[in-house]
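Engineer: Below are the structure tokens for one structure; questions will follow.
The values are calculated or read from the model by the stated rules, or taken from the named source; none is laboratory data. On a predicted model such as this, the values are computed, not experimentally measured, just so you know. Please note: Cβ atoms are built from the backbone with ideal geometry, for glycine as well, and neighbour counts cover all protein chains shown.
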Amino acid sequence: MSVGLPAVPHRLGAPTPGWAETTDVVVVGSGIAGLTAALHLREAGLHVTVVTKVNIDDGSTRWAQGGIAAVLDPLDTPAAHAADTEIAGVGLCDPAAVGVLVDEGPARVRELMRLGAEFDRYPDGSLMLTREGGHRANRIVHAGGDATGAEVQRALHAAVRRDPWIRLVEHALVLDLLRAADGRVCGITLHVLGEGSEDGVGAILGRAVVLATGGMGQIFAATTNPPVSTGDGVAVAMRAGAAVTDIEFVQFHPTSFVGGDMHAVQRPLISEALRGEGAHLVDGDGKRFMVGQHELAELAPRDVVAKGIYRVLAATGADHVYLDARHLADVAHRFPTITAACRAAGIDPATGLIPVAPAAHYASGGVRTDLHGRTSIPGLYACGEVACTGVHGANRLASNSLLEGLVFARRIAEDIARGLPPQADPAEPAGDAGWVVDQDSRPALQRAMTRGAGVLRSAESLAGAAAELTTLGATRGTARTASWEATNLVTVASALVAAAYARQETRGCHWREDFPAADDRWLGHFLGGIGQDGSVTETWKGAV
């Protein structure tokens, strides 16, 4: 079954590049995946240009609170970590990818420590490991209590700044991929504020391109993602003809902070680690509601907890439930970031209840890759949240995301280092001349996606979202940053709605009200793309 959706462009409408430069490898994105890839590529002796949308530290990595999951306890095992990962993924994880993640993960975390990342430790020097939802062992390393991402970003940023052969281009939005006559990716076009021509559009040629652009949470009205997370990498890859998959599986974090003005663009995250330390979810009457719904109660996988909260909200008409951490010792010391966010809104977690609700948090799907980060287009790699390695399946296990970035960035660098072709010249772009949608479509798109393709979905709600996307996608705009982002949002949102409409079951973080049970007929993946006429396509690929 399909649902009517807007046509999307094969290229963004943009001025002809007014400048160009050449490097060995272009890395797009400056979070844990992008910077790790850049550092490993430099170890291989390659010149690297890192392109980032705003500043080097403005992506999602620095907002990660909980930590990094890895088997660092002698009593834990990779097999146990793999089992927890596959349980969370509800039948759609690639066991080979999961095996790579859990087997190579510990070494990658230790490499991060050698780069200077300082994780929390006990007085005897041993790592302070904690537990999060879906994990059956304490295997989460963290830093600064609940500021792991900030510490990881600090360490990687410092390492990149020490290497003069890593060129950093900030305030740059990637527009499209450049391809040679043989189809291989040979660079990118981009807009850099204040550089080159009047419009700032240029090109960076490279012998390979690594997409590490992060997520797409800004397609929803309520998200923990920063404003830059507009699905650019997925949209860029789709326009070039790369396959995307599992894009319907967007994880809604159960506990984003609700209150004050701070959640207008990006809701503060209330880390799962708080529940790992014993905080309870309660309804407006102070009653715990996750007990009895799952054996792990508040520490069930995130889709289970998000659905439990949503049922309470639907039954009561409230817009939030509460997290009760009042019984925990020294919350302010263990969770300083959370405490500061709550206090800024007039709530002290030590004495008051924290208002929380689900918000779009993490894309389990993305640009389809193999175990070396290679996409379906030669010369194009992807890692981090923009990629779908097969690790997460239908629902990411808590704190596996930073680990995935570390592990697969290293694998990409190793694959590229094995041999790069000479630099090729871009072929003339084929197809339409490119266009963009109106920049003012963004708020309406976010509202439509939240209503129709959020935590709870149905054929009716998804058809409603598709109709609104069609209207928004038909409004043309002028070439500028806001319009390019809006076009990427329409492209990614359309792919998500198409896959969510076609998948007639409930699995992981994809919850269909009209198909409330999982169905083994859907043990497979939809591969998304853009047809010759600009239509968003979804092709079914059954389980192998």
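Engineer: For the range 372-382, check the following and say yes or no: at least one residue is of a type outside the set (S, T, Y) and surrounded by fewer than 18 Cβ atoms within 10 Å (Cβ to Cβ).
Structural biologist: Yes, because at least one residue in the range 372-382 is of a type outside the set (S, T, Y) and surrounded by fewer than 18 Cβ atoms within 10 Å (Cβ to Cβ).
Engineer: Suppose the filter is under 21 Å from A69 (Cα atoms), free of Cβ contacts under 8 Å to residues at least 60 places away in the same chain and either touching a helix residue (DSSP H, G or I) at 6+ places or on another chain (Cβ under 7 Å) or hydrophobic (A, V, I, L, M, F, W, C) (or both); does H361 pass it?
Structural biologist: When the stated conditions are applied, H361 does not pass them.
Engineer: Just checking, does the range 258-278 include any residue being part of a strand (DSSP E or B) and at pLDDT 90 or above?
Structural biologist: Looking through the range 258-278, none of the residues is part of a strand (DSSP E or B) and at pLDDT 90 or above.
Conditions tested, residue by residue: (1) more than 30 Å from P378 (Cβ to Cβ); (2) under 22 Å from the mean Cα position of the chain (by Cα); (3) surrounded by fewer than 16 Cβ atoms within 10 Å (Cβ to Cβ).
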| residue | (1), (2), (3) |
| --- | --- |
| G89 | no, yes, no |
| D146 | yes, yes, no |
| R162 | yes, no, yes |
| G187 | no, no, no |
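Engineer: Tell me whether the range 510-526 contains one or more residues that are in contact with a Pro (Cβ under 8 Å, 6 or more places away or on another chain) and either surrounded by 24 or more Cβ atoms within 10 Å (Cβ to Cβ) or not in a strand (DSSP E or B) (or both).
Structural biologist: Looking through the range 510-526, none of the residues is in contact with a Pro (Cβ under 8 Å, 6 or more places away or on another chain) and either surrounded by 24 or more Cβ atoms within 10 Å (Cβ to Cβ) or not in a strand (DSSP E or B) (or both).
Engineer: Looking at the range 350-373, which of its residues are modelled with pLDDT under 95 and within 21 Å of A453 (Cβ to Cβ)?
Structural biologist: A357, P358, A359, A360, H361, Y362
Engineer: Being part of a loop (DSSP other than H, G, I, E, B) and over 22 Å from the mean Cα position of the chain (by Cα) is the filter here; which residues of the range 68-83 pass it?
Structural biologist: Passing the criteria: V71, L72, D73, P74, L75, D76, T77.
Engineer: Specify the residue that is surrounded by the most Cβ atoms within 10 Å (Cβ to Cβ); the eligible residues are those in the range 119-132 that are in a loop (DSSP other than H, G, I, E, B), in contact (Cβ under 8 Å) with a residue 12 or more places away in the chain and of a type outside the set (A, V, I, L, M, F, W, C).
Structural biologist: E132
Engineer: Only one residue in R512, R521, R503 is more than 19 Å from the chain's Cα centre (by Cα) and in contact (Cβ under 8 Å) with a residue 60 or more places away in the chain, so which one is that?
Structural biologist: Selected residue: R503, the only one of R512, R521, R503 that is more than 19 Å from the chain's Cα centre (by Cα) and in contact (Cβ under 8 Å) with a residue 60 or more places away in the chain.
Engineer: What residue, of V209, V244, is in contact with a helix residue (DSSP H, G or I) (Cβ under 6 Å, 6 or more places away or on another chain), buried (at least 18 other Cβ atoms within 10 Å of the Cβ) and at pLDDT 95 or above?
Structural biologist: Criteria check complete, one pass: V244.
Engineer: Turning to a different aspect of this structure: List every residue pair whose Cβ atoms sit under 7 Å apart, with the two residues 6 or more apart in sequence or on different chains, where the first one lies in the range 204-230 and is farther than 27 Å from V185 by Cα and the second, anywhere, is part of a loop (DSSP other than H, G, I, E, B) and among the basic types (K, R).
Structural biologist: Here the result reads A222/R267; T223/R267; T224/R267, each pair linking the range 204-230 to a residue that is part of a loop (DSSP other than H, G, I, E, B) and among the basic types (K, R).
Engineer: Let me ask something else about it. Going by the conditions given, is S458 under 30 Å from H40 (Cα atoms) and hydroxyl-bearing (S, T, Y)?
Structural biologist: no
Engineer: Of the residues I140, I166, which single one is buried (at least 17 other Cβ atoms within 10 Å of the Cβ), in contact with a strand residue (DSSP E or B) (Cβ under 6 Å, 6 or more places away or on another chain), modelled with pLDDT under 95 and not basic (K, R)?
Structural biologist: Step by step, each of I140, I166 is checked, and only I140 is buried (at least 17 other Cβ atoms within 10 Å of the Cβ), in contact with a strand residue (DSSP E or B) (Cβ under 6 Å, 6 or more places away or on another chain), modelled with pLDDT under 95 and not basic (K, R).
Engineer: Being surrounded by fewer than 22 Cβ atoms within 10 Å (Cβ to Cβ), touching a strand residue (DSSP E or B) at 6+ places or on another chain (Cβ under 7 Å) and either part of a strand (DSSP E or B) or charged (D, E, K, R) (or both) is the filter here, so list the residues in the range 527-537 that pass it.
Structural biologist: Passing the criteria: L527, G529, T537.
Engineer: What residue, of S256, S271, is polar (S, T, N, Q), closer than 26 Å to A314 by Cα, touching a residue at least 12 places away in the same chain (Cβ under 8 Å) and surrounded by fewer than 24 Cβ atoms within 10 Å (Cβ to Cβ)?
Structural biologist: Matching residue, one of S256, S271: S256.
Engineer: Of all residues in the range 396-429, count the ones that are within 23 Å of the chain's Cα centre (by Cα) and at positive phi.
Structural biologist: Selection size over the range 396-429: 1.
Engineer: Turning to a different aspect of this structure: Give L472, L402 a once-over and let me know the one that is of a type outside the set (K, R), outside any loop (DSSP other than H, G, I, E, B) and surrounded by 24 or more Cβ atoms within 10 Å (Cβ to Cβ).
Structural biologist: Step by step, each of L472, L402 is checked, and only L402 is of a type outside the set (K, R), outside any loop (DSSP other than H, G, I, E, B) and surrounded by 24 or more Cβ atoms within 10 Å (Cβ to Cβ).
Listed here are the residues, each with its yes/no results for (1) over 27 Å from A495 (Cβ atoms); (2) without any contact (Cβ under 8 Å) to a residue 40 or more places away in the chain; (3) part of a strand (DSSP E or B).
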position	(1), (2), (3)
M113	yes, yes, no
A117	yes, yes, no
G134	no, no, no
N138	yes, no, no
G144	yes, no, no
R167	yes, no, yes
G187	no, no, yes
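Engineer: Still on this structure, please answer the following. Can you tell me how many residues in the range 219-233 are modelled with pLDDT under 95 and either touching a Leu at 6+ places or on another chain (Cβ under 8 Å) or not hydroxyl-bearing (S, T, Y) (or both)?
Structural biologist: Here the count works out to 7.
Engineer: Would you pick out the residues in the range 1-58 that are in a helix (DSSP H, G or I) and out of contact with any Cys (no Cβ under 6 Å at 6 or more places or on another chain)?
Structural biologist: I32, G34, L35, T36, A37, A38, L39, H40, L41, R42, E43
Engineer: Can you confirm whether V250 is at pLDDT 95 or above, at negative phi and hydrophobic (A, V, I, L, M, F, W, C)?
Structural biologist: yes
Engineer: Just to be sure I understand the filter: pairs with C-beta atoms under 7 Å, separated by 6 or more residues or on different chains, first member in the range 309-330 and on the phi < 0 side of the Ramachandran plot and modelled with pLDDT of 90 or more, second member among the aromatic types (F, W, Y) and surrounded by 12 or more Cβ atoms within 10 Å (Cβ to Cβ). Which pairs pass?
Structural biologist: Filtered contacts from the range 309-330: V312/F289.
Engineer: Kindly provide the set of residues from the range 446-462 that are within 17 Å of H361 (Cβ to Cβ) and assigned to a helix (DSSP H, G or I), ordered by number.
Structural biologist: Of everything in the range 446-462, those that are within 17 Å of H361 (Cβ to Cβ) and assigned to a helix (DSSP H, G or I) turn out to be Q446, M449, T450, A453.
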